[in-house]
Each structure stands twice: as C-alpha cells, then as structure tokens.
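Have a look at this one.
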Amino acid sequence: MNIHEYQAKELLKRYGVRIQEGFVADTPSKAVEVARQLNAQTGTNWFVVKAQIHAGGRGKGGGVKLAKNYDEVREISEKILGMQLVTPQTGPEGKKVHKVLIAQDVYYPGESQPKEYYMSILLDRATARNVIIASTEGGMDIEEVAEKHPEKIIKEYIDTRVGLRDFQARKIAFALGLEGNAHKEMVAFIKSLYKAYLESDASLFEVNPVLKTSDNKILAVDCKVNLDDNSLFRHPDLAEMRDILEEDPLEVEAGENDLNYVKLDGNVGCMVNGAGLAMATMDIIKLSGGEPANFLDVGGGANAKTVEAGFRIILKDPNVKAILINIFGGIVRCDRVANGVVEAYKKIGNINVPIIVRLQGTNAQEGAKIIDESGLKVYSAITLQEAAQKVQQVLA
Ligand code: GDP
Ligand code: MN
C-alpha cells in the first residue's frame, strides 16, 4: 500500500524527524486557511503548494509550486486541485489531484546555500538485507544518478540480526561530506528513518530531497513510503491511511469481493482459479492472438457468487471482446462451477461477449454438458488448446 507525502511526513515526525511542516487542504479557501495557520505556527511567509497523488515526479509535472502570499496560495491551489497531473510516473493519462499540501518554504537564503541530498531505505531481496541508499545528488531522479554517476551512490547494507549500527550512520553522513551540526543531525535523521522503516513494516522509505538548510539543519522535504499489505493487520493506524481515490475502482471492487484482480490493456477477459493457472491462461490468450484484459484469480472456492462478482468486474471494462474462464476443479466440482457460470450469466443479463469455459478436473464432463446445453453464448472446452482455438474463433 502506498500513502501520501503528507501522511509519510506525519509518520516521520512521530519518529522525531524534522520535516518541512505543512497542512493538507481539499479546497482553495481551506488552503488559504491552513497557510495562515502555518504562518502562525512557523512564521513562514512563503509557502509551497504540493499536489498529493500516489506518484513521484510531481515537481516536473507542475504539481509543486511556490507561493509568496495568500493570494498566490489560493490561485495555485485553484489550478492544482482537480487537475489531471501528468508526471514521469503517472503514465500519459495522469492522476486527478484531490488534495494539496500547503507547506512552509524551507529554501530560505542564509549565510550558506541550502543543499539537497537523497536518502532511501529498502529491502534488498538478493542479499536478504535492508539497504540504505544515499547520494549528494538530491532532488534528482535517483535512477538517472545511478546511470550517469554510479560513483555518487552510497549503499550501506544492514545486517538485520544486529540492526543499524551507529558507525554505519556516521559513515553515510561522512560520505555525504557533512560536518558539524549538519553531520550530527544527519546521523540522527538516518537512525530515525531506519526505525520508522522497520516499525511500520515498510518495503520502502524514500526521502528526496533531504535538505540541509542554510542554518545547517537537516529536514525531510518529501517522503515516499511503500507499506507491506500483509502487515497492515497489525498497523490499524497505517491501514487507515489508505486512500481508495488513488486506486483503480475495479481493483477496489475486486478486493471487496476477495478477488485478486489486476486490470490490463487487452481484449480478452479471464477468470481463473489459482495465480499460476491465471498466468498460464494469459499465455494461452496471447498464443491465440488475443491480449489479456486482466488478471483475475477467484481463489480456491469458485462458486456462483464469486463467478458473478468476477463477471461484473470484467464486463465493466469496455475493451473486453471475449471472456475465457479457466477453472481447475479440484476441491470445487466442475458441475458446480458450470452452474455458477450459467446462473451468473442469466442474473447479469445482456452479456454481449462470447464466453469460453474450460473446466478440467472433478466432474469436467458434467460441467461441459451444463455449459453446452445452457442455450447461452457460452462455449465449453476441455483442453487448453481447445480453449485457445475457441478464443481465436470468437475474436476472428
Ligand atoms: P516530487 O517532484 O514529486 O519528488 O516532489 P518534491 O516534494 O520532491 O518537490 C519537488 C521539488 O520542489 C524539490 O526537489 C525541490 O527542489 C522543490 N521544493 C520542494 N519544497 C520546496 C520549498 O520549500 N522551497 C523551494 N524553493 N523549493 C521546494
Ligand atoms: Mn521528491
């Protein structure tokens, strides 16, 4: 699960990390109101209006803008709220902005220039360790830094049996060229970030940029967090941070019905029990000249209810020209699945796309008979090859 920048910063703050302070708003007048509140709290007269979407690169897409007074806060918020923000990470269709973060401008000039760094912690599966990645090239795309200046990427692997050691945090701060108070604050920052990462069961904490202000303080200007979905049951406070407006509505509906659904761009919808079989089915669809419209795993107990929910979700995708149902009847009997398909088909009504049902396993023949005798635009197949051929025929 992803969370918004403002939520990630709240989380960091709980761990004692200094952040670019701010408040979230969903209307322009609320934006002005929270800007005044921020002025009262921090004394700042300049603000940054930041689009809150689950994607990075917002700055490049025009989703991060400086406002030098309350009128500008209003004007910029009016522009950003409701816009379809396109960034290098959203894809060409962009993402709709529902909230903005009004934050204090922290790039104020002083004796020295503020400087941006990069810092992230993630799980490195190859070494089965957590790794801290840091760079003096903050504010930039880290992939680009890794490609053009690999020598500017600092990596520190953490042995999970002993955890992050103080010397490792100091080593990173030295490698970033920091001294004095900034060095001390960076060490504390790294330790807090690591604690936040561990205790939230995250797979990623990325702060880009980490800022060294002109008065040598270290603070988080941006933060991206990926949480492990499987751990959310023990973090009710984090689970509450979920924003379904950021998710694909069909995937949300599938989740509510305990279906594993991922929308794709093709024309053949598929409904399968078991993730492995679903992958194989997507392969057959390709082999037959089609493109899968989705991945859909109905799980172990395919029955009339799950089949109906699956149907409804697949049919909401206008690109779907045919549906392939591929169920292996092990525990669940094929005749029951066939009845489920027929029932769901009749219940939904006006289904205009042909459906090929491949049932294999317990009572496969009985299942095929039910399909064939239903009088509906539903065709049975016993083998994978037969199913592929039938898909090819209906697409032609
Ligand atoms: P991202 O583009 O989605 O990664 O969003 P960020 O929160 O990282 O903001 C993008 C860029 O906006 C940063 O790299 C900074 O250069 C700039 N920025 C963010 N906060 C401030 C601020 O307080 N003042 C100024 N002048 N620039 C800022
Ligand atoms: Mn950023």
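Residue 81 fails exactly one of the following numbered conditions: (1) closer than 21 Å to residue 224 by Cα; (2) open to solvent by less than 60 Å² (accessible area, probe 1.4 Å); (3) within 16 Å of ligand 2 (Cβ to nearest atom). What is the number of that condition?
Result: residue 81 passes all but (3).
Which one is nearest to residue 271 (Cα to Cα), of the residues in segment 318-335 that are within 29 Å of the chain's Cα centre (by Cα) and surrounded by fewer than 20 Cβ atoms within 10 Å (Cβ to Cβ)?
Among residues in segment 318-335 that are within 29 Å of the chain's Cα centre (by Cα) and surrounded by fewer than 20 Cβ atoms within 10 Å (Cβ to Cβ), the one nearest to residue 271 (Cα to Cα) is 320.
Tell me the residue from 351, 314 that is out of contact with any helix residue (DSSP H, G or I) (no Cβ under 7 Å at 6 or more places or on another chain) and either open to solvent by 30 Å² or more (accessible area, probe 1.4 Å) or touching a residue at least 40 places away in the same chain (Cβ under 8 Å) (or both), please.
After applying the criteria, what remains is 314.
Restricting to segment 12-31, give me the number of residues that are under 24 Å from the mean Cα position of the chain (by Cα), more than 16 Å from ligand 2 (Cβ to nearest atom) and part of a helix (DSSP H, G or I).
2
Now for a different question. Looking at (1) open to solvent by less than 30 Å² (accessible area, probe 1.4 Å); (2) touching a strand residue (DSSP E or B) at 6+ places or on another chain (Cβ under 8 Å); (3) not in a helix (DSSP H, G or I), can you tell me which one residue 338 breaks?
Evaluating residue 338 over (1) open to solvent by less than 30 Å² (accessible area, probe 1.4 Å); (2) touching a strand residue (DSSP E or B) at 6+ places or on another chain (Cβ under 8 Å); (3) not in a helix (DSSP H, G or I) leaves (3) as the failure.
Sticking with this one: Tell me, please, whether a residue that is in contact with a Lys or Arg (Cβ under 7 Å, 6 or more places away or on another chain), assigned by TED's automatic domain parsing to the domain that holds residue 390, more than 16 Å from residue 390 (Cβ to Cβ) and in a strand (DSSP E or B) can be found in segment 308-320.
Within segment 308-320, none of the residues are in contact with a Lys or Arg (Cβ under 7 Å, 6 or more places away or on another chain), assigned by TED's automatic domain parsing to the domain that holds residue 390, more than 16 Å from residue 390 (Cβ to Cβ) and in a strand (DSSP E or B).
To continue, here is another question. Quick test for you: out of 153, 76, 133, 102, pick the one residue that is open to solvent by 20 Å² or more (accessible area, probe 1.4 Å), under 26 Å from the mean Cα position of the chain (by Cα) and within 16 Å of ligand 1 (Cβ to nearest atom). Spell out the reasoning first.
Values: 153 fails: within 16 Å of ligand 1 (Cβ to nearest atom); 76 fails: under 26 Å from the mean Cα position of the chain (by Cα); 102 fails: open to solvent by 20 Å² or more (accessible area, probe 1.4 Å).
Answer to the selection: 133.
Look at residue 15 and say whether it is in the same structural domain as residue 182 (by TED's automatic domain parsing), surrounded by 20 or more Cβ atoms within 10 Å (Cβ to Cβ) and at pLDDT 95 or above.
So residue 15 fails the test.
Quick check on segment 194-202. Is at least one of its residues on the phi > 0 side of the Ramachandran plot and at pLDDT 95 or above?
Yes - at least one qualifying residue is present in segment 194-202.
Can you pull out the residues in segment 200-224 that are open to solvent by 10 Å² or more (accessible area, probe 1.4 Å), in contact (Cβ under 8 Å) with a residue 60 or more places away in the chain, away from ligand 2 (no atom under 16 Å from the Cβ) and not in a strand (DSSP E or B)?
Within segment 200-224, 215, 216, 217 qualify.
If you go through segment 32-75 one residue at a time, how many are within 12 Å of ligand 2 (Cβ to nearest atom) and of a type in the set (D, E, K, R)?
So the answer is 3.
Check segment 225-244 and report whether any residue there is within 16 Å of ligand 2 (Cβ to nearest atom) and within 30 Å of residue 6 (Cβ to Cβ). Step through it out loud before you land on a result.
Step one: of segment 225-244, the residues within 16 Å of ligand 2 (Cβ to nearest atom) are 225-226.
So of that shortlist, the ones also within 30 Å of residue 6 (Cβ to Cβ) come out as 225-226.
Yes, some residue in segment 225-244 is within 16 Å of ligand 2 (Cβ to nearest atom) and within 30 Å of residue 6 (Cβ to Cβ).
Could you list, in sequence order, the residues of segment 48-73 that are more than 9 Å from ligand 1 (Cβ to nearest atom), closer than 18 Å to residue 28 by Cβ and in a loop (DSSP other than H, G, I, E, B)?
Correct list: 62, 68, 69.
Continuing with the same structure: Evaluate the following for residue 356: is it under 15 Å from residue 271 (Cβ atoms) and either outside any helix (DSSP H, G or I) or at pLDDT below 85 (or both)?
yes
Using the structure shown, decide if residue 91 is open to solvent by less than 60 Å² (accessible area, probe 1.4 Å), more than 16 Å from ligand 2 (Cβ to nearest atom) and under 17 Å from the mean Cα position of the chain (by Cα).
So residue 91 passes the test.
Being among the acidic types (Asp, Glu), more than 20 Å from residue 10 (Cα to Cα) and surrounded by 14 or more Cβ atoms within 10 Å (Cβ to Cβ) is the requirement here; does residue 116 meet it?
Spelling it out, residue 116 is indeed among the acidic types (Asp, Glu), more than 20 Å from residue 10 (Cα to Cα) and surrounded by 14 or more Cβ atoms within 10 Å (Cβ to Cβ).
Here's a follow-up. Tally the residues that are in contact with a strand residue (DSSP E or B) (Cβ under 8 Å, 6 or more places away or on another chain) and exposed (fewer than 15 other Cβ atoms within 10 Å of the Cβ), restricting the search to segment 281-290.
Looking only at that region, the number is 1.
The values are calculated or read from the model by the stated rules, or taken from the named source; none is laboratory data. Quantities reported herein were computed from a predicted structural model and do not represent experimental measurements. FYI the Cβ positions are ideal-geometry reconstructions off the backbone, even for glycines, and counts take in every protein chain you see. In case anyone asks, the SASA skips ligands and DNA or RNA and just uses the protein heavy atoms, side chains included. Shrake-Rupley method; radii C 1.70, N 1.55, O 1.52, S 1.80 Å.
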